[in-house]
Each structure stands twice: as C-alpha cells, then as structure tokens.
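Asker: Handing you this structure, nothing more for now.
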C-alpha cells in the first residue's frame, strides 16, 4: 500500500487502500499533485454553491493558475528557452463537448479560455495569436508580458549553461489535471499548464490535447495525465485508460497498463516521469506513474485528502 504523506497545515492525509476496489462517494473530485488540495477545495465549494461539474473543474484549476508559488501552471510558470511563458489548457464534459487552447500568451486563465472555445465556437482547439485574439474579443484581461520574480530568477540561472535536458519530475510541481463527477454521475475534467520549462518556442505538450492529457466519457469514466507530454501523446494516454475501463478494467488496472505501454514506447525511461489519474462511473479510483513520487488529491463533500499512487518503476 502507499505510504502516508505529511504536508504542513493539512490534516486529512490518507494512505492508499486499494482504491480500485472501493466504490466511492458522489460527488467526487480528483486532482494531480499537492496543489490539488486547494484546487479540490475550490471545486467542491463551487458544487456546494450550486455550480455544475463543468463549473467545478474550471473553478478548481483556476485556483492553481493564480498560485504564485507554482512554477508549472499559470503566467508565473517557467518560460520557454526564449524567456517567454506560454500556456496550454483543455476542458471536457462527459457528453463529449470539449475545448482547448495552446501556446497562449498573456492570458491569466487559459482554462476559462478553453471553456469559451468549447461553448462559443465550432472548434475544439485554438492556438497562439488566434487564442489571444479570442481572449480579447471575449473580454479577458491581457496581462503584461513579464516573468514572475521566481521564474525570472530560475531562467537567468538556466541561461548560464542553457542546457536543454528534461529530467523526471517526482516532486509536486507539474501540470494540474482535475477530473470530477457530480451527485448524478455527470463527469467533467480540466487540465492546465505552462508546459515544460525551457522548451522550444512553440512546443505544445499533452495537456491541451483531448485524448492525451484529458479524456472524459459519462458512459465509462475519466482520466487525466501529468508528466512529460511527449511520452503521453505517443500513447494517447487518457483516451487509452478510458477505453481500457470500457473493456472492463478497473481504473487502477487501466492506469497501470497505460504506464506499461508508455514505458514500452519511450527510450531512456529512467529520465521520464509520467503519471495517470482515473475514475470510473462507479466512483472507483486509480492512479499510477512511471516512477515513485506521484500523488493526488481526492475530495468528496466531506473530506479532502492526499493519496500516494504507490507507483514503482518497472522499466
């Protein structure tokens, strides 16, 4: 079983207890990493206030997009190798509606812009300057393009060598993916990130790609991903997990199978971290990653807790 985690200021810390075998409560919200705790709290508060599950998953990750201590989500995130911060996000409803934006500059809440794409355009993904123009047309504030103090300090340090070598992330600073289900079983998910630090200008990872970083189907379940986007895109990770659940796998079995396939399709796996988080329509939960260290937050109306995914490297 997963080991208990200690986080200062948080009392609801749980040890993983075969999550795939336990049917869960509804509503249910799951989010990747430690920053999932406050995101979950915001999502649950939205549900309690009468919001829909789409409202909840948008509101939840908006909280992370504003977290100035987070260097991998929002405009405060680490920049690309040109010193420019660009953002990616996606949102999806269990009925198949979805929207995404990628390579977005100067927009504080790309997740809300992704929702605009879903609800107000005939498209699924809008990128770059087109996404920025959509934001302006919809009245989004366009922020001054400058690095946050922490990001600027890190970028100047990186420029001393300018070495570009992504390394595994086993710490709590990565994409936030959130999946949720309301009391009636309706599902939705969201995913938002500033992407791989010091990436090539224009690079887009898995987070805004429906089926890679996020996939939701009311008939089956939902999944989201975190980690090195290229490795997740290669196996259409979130879609794969939902389809495995459709075939009868538990969420845990589906996440573990996705990790096995990812390992098989990627070289130098010792330097790649990628993880998956899933739920099915019964509220059963699964989570697994290439390397140990991946955890997630799980919230019901009564409790919000951190759980260790209990992953083991098998490559």
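Asker: Add -39500 (n - 2.57) for each DSSP H run of 4 or more in the chain, then divide by its residues: what number comes out at 222 nm, to the nearest 500 deg cm²/dmol? Don't skip to the end; give the middle numbers.
Answerer: Working: 8 runs with 88 residues, N = 315.
My calculation for the chain gives -8500 deg cm²/dmol from helical runs alone.
Asker: Can you bin the range 52-104 into rounded, prolate or oblate? Criterion: square roots of the alpha carbon gyration tensor eigenvalues sorted a ≥ b ≥ c, rounded for a/c under 1.5, prolate for a/b above b/c, oblate for the rest.
Answerer: Oblate is the answer for the range 52-104, as a/c is 1.5 or above yet b/c matches or exceeds a/b.
Asker: Okay, next question. Compare 185, 74, 177 in a GNM of the chain, Cα atoms joined below 10 Å, and give the one with the largest fluctuation.
Answerer: 185
Asker: Further, regarding this structure: Checking the a/c ratio against 1.5 first, then a/b against b/c, what shape does the Cα gyration tensor give for the range 126-236? Show your work: numbers first, answer last.
Answerer: Working: a/c = 2.13, a/b = 1.40, b/c = 1.52.
Here the range 126-236 falls in the oblate category.
Asker: Nearest 5 percent is fine: what portion of the DSSP beta bridges confined to the range 28-308 is antiparallel?
Answerer: 90
Asker: Here's another thing I want to ask about it. Out of (i) 19.8; (ii) 20.3; (iii) 18.9, which label holds the value of Kirkwood radius over Cα pairs in Å that was computed here?
Answerer: Of the labelled values, this structure produces (iii).
Asker: Ranked highest first by average number of other Cβ atoms within 10 Å, how do 117-123, 298-304 line up?
Answerer: Answer by packing, highest mean first, reads 298-304, 117-123.
Asker: Let me ask something additional. Just order 60-68, 191-199 by mean Cβ neighbour count inside 10 Å, highest at the front, would you? Provide the component values of the computation, followed by the final result.
Answerer: Details: 60-68: 21.7, 191-199: 25.9.
Descending packing order for the listed peptides: 191-199, 60-68.
Just so you know, all these numbers are worked out from the coordinates, no wet-lab data involved. In this text the structure is predicted, and so the values were computed from the model without any measurement. Note that each Cβ is placed from the backbone with ideal geometry, even for glycine, and that neighbours are counted across all protein chains shown.
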